[in-house]
Amino acid sequence: MRWWISIGVACMAGALAGGDVASVVAAPRAQPAQQLSEKEASVDVELILAVDVSYSMDLDELAIQREGYAQALSSREFLQALKNGVHGRIAVTYFEWAAASDQKIIIPWRLIDGPESADAVASEIMKTPIRRASRTSISGAIYFAMPLFDENPYRGLRRVIDISGDGPNNNGPSPVTMARDEAVSKGITINGLPIMVKEPSYSTMDIENLDLYYKDCVTGGRGSFVVTIKSREEFKEAIRTKLLMEVAGRQPPPRIVPVADDGNKEPRVSCLIGEKIWQDRWGR
């Protein structure tokens, strides 16, 4: 079952900081590159934060996005959710992406096990210069993210790729659905943060139903969900809500509308819409 949530119901974020963590099964993985004891290597979730820095994101949005992740990681609610986990710790890496060949790791794998380590990661995110780049390759981001789990010295009960972006896939070696399905087949969950703060325009390649595109074409795996941002004021609250849900490892509360498993259901938005728009406009 997959889920979606508008930030309008994000008041549930505080509730996610408490309560029992859902039962999960550790996925098979490669031997850690760094030798740690089983206790040292065990975390509740291996979380990859994959953040869009394409030119369709303006500098103000990129700054707010950075601040949102930094503030969420050091928030009281996040730290409480962390404390309530089976192990009380998670492993996080943060990278920025644009075209299929353009991904940059900002934060290599870090262990977050309390306020000090959370603040250190938040500070590292904020001090990195903001950049922008061309094209939008969600598939490239997913393919880049998958091998990072094998390089992680920590072993999580869950493996999650968290993708934020403001447009559909328009570049990459394969359709986004193929990348998603490959990740899901490896036991990875992909969650989404579609950013819909601007009116769709010819120059930015925005689409009207980006939330549906993310639900039907990008996200997948056990307990996957989408949190939609529809105004600049919602950025920080949406990011905090999303991280709380991922750390808590819980199914969203009943108020959130479930997205049916789409094994035999046609996507409501073409999963090739980004590639088609690019081809129609620039012929390549």
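Ordered by residue, what ³J(HN,Hα) values in Hz, to whole numbers, does the stretch 80-95 give under the Karplus form 6.51 cos²θ - 1.76 cosθ + 1.60, where θ = phi - 60° and Gly and Pro are x?
Result, ordered by residue: 5, 4, 4, 4, 7, x, 4, 9, x, 7, 9, 10, 10, 9, 10, 9 Hz.
Tell me, what is the Rg over Rh of the stretch 126-225, with Rh the Kirkwood radius over Cα pairs? Before the final figure, lay out each step's value.
Numbers: Rg = 14.3 Å, Rh = 14.5 Å.
Reported Rg/Rh, Kirkwood definition of Rh: 0.98.
Starting from the Cα coordinates of the stretch 77-130, work out the convex hull volume and express it per residue in Å³. Can you show the working numbers first?
Details: hull volume 5.1 nm³, N = 54.
Per residue, the Cα convex hull of the stretch 77-130 comes to 95 Å³.
The numbers here are math on the coordinates, done by the rules we state, and not lab data. It should be emphasised that the depicted structure is a prediction, and the values quoted were computed from it without experimental measurement.
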